[in-house]
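One structure is given below, encoded as structure tokens.
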Amino acid sequence: METKQILLDTLTFHGHKCWASTAGVRIGLAALQALGVERSGAKSLHAIIEIGDHHGAMCFGDGVQYTTGCTFGKGNIEKNNQGKLAVTLIDKANQKAVRVAYKPSLQKQIKESAFMQKRTAGIPPTQIPEAEQWELVNLIWDAPQDQIMTIGPVVDYPWSEPAEIVRFAVCDGCGELVAEPYLRVVNGKSLCRDCSGYAV
């Protein structure tokens, strides 16, 4: 697939056009290239993404997910909540990894853009004119690689695959399907966390 098509598909998946999801695509592509691997359709790759919770530019995560194929649904991506726009991509088969981080050299332009002025004022991204959305997408997409990211060395990364949970049972309380390790036995009944009253 052409890289521009990956960008367009990512923006469709993400729901709006912005600089951070575009940065995620660029950084995801760079990580794949550094490791000499292709997008994961299964679980051959694992990503550790450094975004946190409830901060701007978390859109970066969708760019990384779509580009690398490491997704929360497949369980081959995790967040370490550093509040950074960076990812460590792991090639499980070859036990190699690379960390790629966003370089903030364009942040002044981004901050002063019409798009970000409106976002700061609380206007949802989908209500900002398309031309202003594309201005930032193109700024990141067309920037030289060394201007917007730092690519670390490829390093050894011993990987031990955790066992996949394939057994499920029905909660005796709510009747919903639950992965067995998440059930709690209370008074002889197998209950989900909500029905059992236990937080963990």
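Once region 145-166 is narrowed to residues that are surrounded by fewer than 10 Cβ atoms within 10 Å (Cβ to Cβ) and not acidic (Asp, Glu), the residue that is farthest from PRO181 (Cα to Cα) is PRO153. Residues in region 125-144 that are within 21 Å of the chain's Cα centre (by Cα) and exposed (fewer than 14 other Cβ atoms within 10 Å of the Cβ) were compared, and the one that is nearest to LYS103 (Cα to Cα) is ASN138. Comparison of GLY197, GLY173 shows that the only residue that is modelled with pLDDT of 95 or more, small (Gly, Ala, Ser) and over 22 Å from the mean Cα position of the chain (by Cα) is GLY173.
Of note, PHE60 does not satisfy the criterion of being surrounded by fewer than 15 Cβ atoms within 10 Å (Cβ to Cβ) and within 29 Å of GLN127 (Cα to Cα). SER160 passes every criterion in (1) of a type in the set (Ser, Thr, Tyr); (2) free of Cβ contacts under 8 Å to residues at least 12 places away in the same chain; (3) more than 30 Å from ASN94 (Cβ to Cβ) apart from (3). Checked against the criterion of being without any contact (Cβ under 8 Å) to a residue 24 or more places away in the chain and of a type outside the set (Asp, Glu), the candidates GLY56, GLY73, GLY52 yield just one match: GLY73. Taken together, the residues in region 185-200 that are more than 23 Å from GLY75 (Cα to Cα) and surrounded by 13 or more Cβ atoms within 10 Å (Cβ to Cβ) amount to 6.
The values are calculated or read from the model by the stated rules, or taken from the named source; none is laboratory data. Not measured: the values here are computed from a predicted model. Here the Cβ is made from the backbone with ideal geometry for all residues, glycine too, and neighbour counts use every protein chain on show.
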